[in-house]
1. Going through 14, 88 one at a time, which residue ends up being modelled with pLDDT of 90 or more, hydroxyl-bearing (Ser, Thr, Tyr) and under 25 Å from residue 150 (Cα atoms)?
2. Quick one: which of 40, 32 is more than 18 Å from residue 139 (Cβ to Cβ), small (Gly, Ala, Ser) and modelled with pLDDT under 90?
3. Collect the residues in segment 112-132 that are crowded, with 17+ Cβ neighbours inside 10 Å and under 17 Å from the mean Cα position of the chain (by Cα), keeping them in residue-number order.
4. So which residues in segment 109-154 are in a helix (DSSP H, G or I) and within 16 Å of residue 82 (Cα to Cα)?
5. For residues that are closer than 24 Å to residue 116 by Cβ and charged (D, E, K, R), scanning just segment 42-100, find the one that is surrounded by the most Cβ atoms within 10 Å (Cβ to Cβ).
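The values are calculated or read from the model by the stated rules, or taken from the named source; none is laboratory data. Predicted model only: the values in this text are computed from it and were never measured. So basically every Cβ, Gly included, is an ideal-geometry build from the backbone, and we count neighbours across all protein chains shown.
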Amino acid sequence: MKILLMGHPNVGKSAVFNRLTGAKVTESNYPGTTVDYTKGYMRLEGKDVEIIDVPGTFSLEPKDKAEEVAVKMLKENRDSVIICVIDSVKLERGLYLALEIIEEGYPVVIALNMWDVAEDKNIRIDVEKLENILGVPIVPTIAVSGEGIKELVSRIKEASPIDIEKIVEKAGGVEQ
(Lines give C-alpha, C1' and ligand atoms only; values in the text may rest on other atoms or scores of the structure.)
Protein backbone atom coordinates (compact mmCIF):
# COMPACT_ATOMS: atom_id res chain seq x y z
CA MET A 1 0.00 0.00 0.00
CA LYS A 2 1.09 3.54 -0.75
CA ILE A 3 -0.29 6.74 0.77
CA LEU A 4 0.01 10.16 -0.85
CA LEU A 5 -0.33 13.25 1.34
CA MET A 6 -1.90 15.95 -0.79
CA GLY A 7 -3.10 19.45 -0.08
CA HIS A 8 -2.37 23.11 -0.55
CA PRO A 9 1.03 24.52 0.41
CA ASN A 10 1.35 25.34 4.12
CA VAL A 11 -1.52 23.20 5.45
CA GLY A 12 0.72 20.97 7.58
CA LYS A 13 1.31 18.06 5.18
CA SER A 14 4.93 17.78 6.31
CA ALA A 15 3.91 17.82 9.98
CA VAL A 16 1.41 15.01 9.29
CA PHE A 17 4.12 13.19 7.31
CA ASN A 18 6.58 13.46 10.21
CA ARG A 19 3.99 12.12 12.67
CA LEU A 20 3.14 9.17 10.41
CA THR A 21 6.71 8.21 9.58
CA GLY A 22 8.53 9.23 12.74
CA ALA A 23 10.59 11.43 10.38
CA LYS A 24 12.37 8.45 8.82
CA VAL A 25 12.56 10.16 5.45
CA THR A 26 14.24 10.35 2.09
CA GLU A 27 14.05 13.65 0.24
CA SER A 28 14.34 13.52 -3.54
CA ASN A 29 13.85 15.58 -6.64
CA TYR A 30 11.13 14.43 -8.98
CA PRO A 31 12.88 13.09 -12.13
CA GLY A 32 13.63 15.87 -14.60
CA THR A 33 12.78 18.67 -12.15
CA THR A 34 14.13 20.55 -9.16
CA VAL A 35 10.86 19.99 -7.31
CA ASP A 36 11.37 18.16 -4.01
CA TYR A 37 9.15 15.51 -2.48
CA THR A 38 9.67 13.43 0.64
CA LYS A 39 9.19 9.70 1.05
CA GLY A 40 9.08 7.61 4.20
CA TYR A 41 7.47 4.54 5.74
CA MET A 42 5.19 3.55 8.57
CA ARG A 43 3.82 0.24 9.84
CA LEU A 44 0.12 -0.39 9.34
CA GLU A 45 -1.43 -3.66 10.40
CA GLY A 46 1.99 -5.33 10.39
CA LYS A 47 2.99 -4.12 6.93
CA ASP A 48 5.32 -1.40 5.71
CA VAL A 49 3.40 1.39 3.99
CA GLU A 50 5.14 3.96 1.81
CA ILE A 51 4.13 7.55 2.55
CA ILE A 52 4.84 10.34 0.04
CA ASP A 53 4.59 14.01 0.96
CA VAL A 54 3.53 15.37 -2.44
CA PRO A 55 4.37 18.99 -3.36
CA GLY A 56 1.52 21.37 -2.53
CA THR A 57 -1.14 22.03 -5.14
CA PHE A 58 -4.32 24.08 -5.20
CA SER A 59 -6.05 21.98 -7.85
CA LEU A 60 -5.56 19.18 -10.36
CA GLU A 61 -5.13 21.81 -13.07
CA PRO A 62 -1.49 22.77 -12.45
CA LYS A 63 -0.33 26.38 -12.63
CA ASP A 64 3.38 25.84 -11.91
CA LYS A 65 6.09 23.15 -11.88
CA ALA A 66 5.37 21.98 -8.31
CA GLU A 67 1.69 21.55 -9.11
CA GLU A 68 2.57 19.69 -12.33
CA VAL A 69 4.67 17.28 -10.29
CA ALA A 70 1.88 16.84 -7.71
CA VAL A 71 -0.68 16.01 -10.39
CA LYS A 72 1.74 13.67 -12.19
CA MET A 73 2.53 11.84 -8.92
CA LEU A 74 -1.19 11.40 -8.29
CA LYS A 75 -1.76 9.99 -11.79
CA GLU A 76 1.25 7.67 -11.52
CA ASN A 77 -0.06 6.20 -8.25
CA ARG A 78 -3.64 5.20 -9.13
CA ASP A 79 -3.64 2.43 -6.52
CA SER A 80 -2.75 4.77 -3.62
CA VAL A 81 -4.83 6.02 -0.74
CA ILE A 82 -4.88 9.80 -0.58
CA ILE A 83 -4.79 11.67 2.69
CA CYS A 84 -6.01 15.12 1.75
CA VAL A 85 -4.71 17.56 4.37
CA ILE A 86 -6.91 20.65 4.68
CA ASP A 87 -6.38 23.79 6.76
CA SER A 88 -9.49 23.79 9.00
CA VAL A 89 -9.59 27.59 8.90
CA LYS A 90 -9.82 27.55 5.09
CA LEU A 91 -12.15 24.58 4.74
CA GLU A 92 -13.96 25.68 1.58
CA ARG A 93 -10.70 26.28 -0.28
CA GLY A 94 -9.32 22.89 0.71
CA LEU A 95 -12.50 21.01 -0.13
CA TYR A 96 -12.17 22.06 -3.77
CA LEU A 97 -8.99 19.97 -4.15
CA ALA A 98 -10.42 17.11 -2.07
CA LEU A 99 -13.51 16.95 -4.29
CA GLU A 100 -11.35 16.91 -7.43
CA ILE A 101 -9.41 13.93 -6.05
CA ILE A 102 -12.61 12.14 -4.98
CA GLU A 103 -14.10 12.79 -8.42
CA GLU A 104 -11.06 11.10 -10.02
CA GLY A 105 -11.98 7.92 -8.12
CA TYR A 106 -9.22 7.79 -5.51
CA PRO A 107 -9.85 6.45 -2.02
CA VAL A 108 -9.59 9.53 0.24
CA VAL A 109 -9.29 10.32 3.93
CA ILE A 110 -9.47 13.99 4.90
CA ALA A 111 -7.34 15.37 7.72
CA LEU A 112 -8.82 18.66 8.95
CA ASN A 113 -5.52 19.99 10.20
CA MET A 114 -4.89 23.03 12.40
CA TRP A 115 -8.11 22.19 14.22
CA ASP A 116 -6.95 24.18 17.24
CA VAL A 117 -6.51 27.34 15.15
CA ALA A 118 -10.05 26.98 13.78
CA GLU A 119 -11.39 26.57 17.32
CA ASP A 120 -9.44 29.65 18.47
CA LYS A 121 -11.09 31.62 15.65
CA ASN A 122 -14.49 30.29 16.75
CA ILE A 123 -14.89 28.32 13.51
CA ARG A 124 -17.18 25.35 14.06
CA ILE A 125 -17.21 22.45 11.60
CA ASP A 126 -19.78 19.67 11.86
CA VAL A 127 -17.38 16.84 11.02
CA GLU A 128 -20.04 14.14 11.21
CA LYS A 129 -22.33 15.99 8.78
CA LEU A 130 -19.47 16.76 6.37
CA GLU A 131 -18.34 13.14 6.50
CA ASN A 132 -21.89 11.98 5.76
CA ILE A 133 -22.18 14.32 2.76
CA LEU A 134 -18.78 13.49 1.27
CA GLY A 135 -18.82 9.79 2.13
CA VAL A 136 -15.15 9.77 3.15
CA PRO A 137 -13.51 9.50 6.57
CA ILE A 138 -12.72 12.92 8.06
CA VAL A 139 -10.48 13.40 11.08
CA PRO A 140 -9.70 16.66 12.90
CA THR A 141 -5.94 16.86 13.50
CA ILE A 142 -3.35 19.06 15.13
CA ALA A 143 -0.27 17.60 13.47
CA VAL A 144 2.28 19.72 15.36
CA SER A 145 1.13 18.13 18.65
CA GLY A 146 0.13 14.77 17.19
CA GLU A 147 -3.52 15.12 18.19
CA GLY A 148 -5.81 13.08 15.93
CA ILE A 149 -2.98 11.24 14.15
CA LYS A 150 -3.80 7.84 15.72
CA GLU A 151 -7.43 8.18 14.63
CA LEU A 152 -6.28 9.26 11.16
CA VAL A 153 -4.18 6.10 10.85
CA SER A 154 -7.00 3.90 12.14
CA ARG A 155 -9.41 5.33 9.52
CA ILE A 156 -7.15 4.75 6.49
CA LYS A 157 -8.66 1.30 5.97
CA GLU A 158 -12.10 2.96 5.53
CA ALA A 159 -10.97 4.87 2.43
CA SER A 160 -12.61 3.72 -0.78
CA PRO A 161 -13.57 5.31 -4.09
CA ILE A 162 -16.81 7.30 -3.94
CA ASP A 163 -19.40 7.98 -6.64
CA ILE A 164 -19.41 11.78 -7.02
CA GLU A 165 -23.09 11.66 -8.05
CA LYS A 166 -23.94 10.41 -4.55
CA ILE A 167 -22.15 13.41 -3.03
CA VAL A 168 -24.17 15.80 -5.19
CA GLU A 169 -27.36 13.98 -4.25
CA LYS A 170 -26.55 14.10 -0.50
CA ALA A 171 -25.67 17.78 -0.75
CA GLY A 172 -29.12 18.49 -2.16
CA GLY A 173 -28.30 18.56 -5.85
CA VAL A 174 -27.12 21.40 -8.01
CA GLU A 175 -29.42 24.23 -9.03
CA GLN A 176 -29.54 24.78 -12.78
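1. Working: 14 fails: modelled with pLDDT of 90 or more.
After applying the criteria, what remains is 88.
2. Details: 40 fails: modelled with pLDDT under 90.
None of the other options fit; the residue is 32.
3. Residues satisfying the conditions are 112, 113, 114, 115.
4. Residues of segment 109-154 in a helix (DSSP H, G or I): 115-120, 127-134, 149-154.
Within segment 109-154, 131, 134, 149, 151, 152, 153, 154 meet the criteria.
5. Result: 53.
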